[in-house]
Amino acid sequence: MAKLVAFYSRADENYFGGAMKYVEVGNTEKIARMIVDITGADIFKIEQKVPYAADYNTCIAEAKKDLQNKARPELVKVPENFDQYDEIYLGYPIYWGTMPMAVYTFLESFDFTGKTIHPFCTHEGSGLVSTESDIKKTAKGATVTNGLAINGSSVDGAKAKVQAWV
């Protein structure tokens, strides 16, 4: 059974428990890499052709506008040979109570019939919110397992939690 870790993550200025902090590697990417280390899965970064701004406040305004417009941002690329994967670990930060709209673009790009999706997210207090059901509605035909929510401020110490979930 071939496995893929597909994730959306954002570096630059981020929010960490009440403060802004610049990071070179986004929190969701850190968790994605832990999953790759544990599972040996292939990895794919979901990237928008037009990325959000590096400034946090501008980024969240852009993300909110995309959510309100139900935008489907164009992606830089999609994984080649997607059909070979039976298990997908799908990672994303929580933006305005759901996944970034680019993750919806990704999910709508493929037929997930017969595939298993393991959702994981990073957040600053909201947990998974409704993303497990959002994935079920969008990736029709997929089995969606119980997800993993990691507080973004604690990702660097989350390896044991990630390993237990995997």
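The values are calculated or read from the model by the stated rules, or taken from the named source; none is laboratory data. These numbers were taken from a predicted model, which means no experiment stands behind them. Backbone-built Cβ (ideal geometry, glycine too); neighbour counts: all protein chains shown. Keep in mind that these areas ignore ligands, DNA and RNA; they rest on the heavy atoms of the full protein, side chains included. Shrake-Rupley method; radii C 1.70, N 1.55, O 1.52, S 1.80 Å.
Quick look at the values:
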read-out	value
Value of Rg to Rh for the chain (Rh from inverse mean 1/r over Cα pairs, i.e. Kirkwood)	0.93
Projected area, mean over directions - the range 67-138, Cα convex hull, nm²	5.0 nm²
Student exercise, the chain dipole from Lys, Arg, Asp, Glu Cβ charges, in Debye to nearest 20	300 debye
Sorted peptide list for 1-9, 75-83, criterion being average Cβ within 10 angstrom, highest first	1-9, 75-83
The range 1-28-the range 53-103 distance, computed between alpha-carbon centres (Å)	12 Å
Within the accessible area of the range 111-166 (1.4 Å probe), percent carbon and sulfur	49 percent
Of Tyr56, Ile88, Met34, farthest towards positive along the dipole that unit charges on Lys, Arg, Asp, Glu beta carbons give the range 32-112	Tyr56
HN-Hα J in Hz across the range 31-48 - Karplus 6.51, -1.76, 1.60, θ = phi - 60°, x for Gly and Pro	5, 4, 5, 4, 5, 4, 4, 6, 9, x, 5, 6, 10, 9, 9, 7, 10, 7
Inter-label distance for Lys159 and Asn69, nm, one decimal - labels placed 7 Å from Cα along Cα-to-Cβ	4.2 nm
Exposure of Arg72 as accessible area (Å², to 10), given a probe of 1.4 Å and all protein chains	100 Å²
Equivalent ellipsoid, the range 118-166 (semi-axes from 5 times Cα gyration tensor eigenvalues, Å)	22, 13, 6
Straight-distance crosslink candidates among lysines, where the alpha carbon sits under 30 Å from Lys140 and sequence neighbours closer than 8 are dropped	Lys3, Lys30, Lys45, Lys49, Lys64, Lys65, Lys70, Lys77, Lys115, Lys161
Surface per residue (accessible, 1.4 Å probe) for the range 49-166, Å²	50 Å²
Nonlocal amide H pairs with Val5, under 5 Å, H built at 1.01 Å	Asp42, Ile43, Phe44, Tyr89
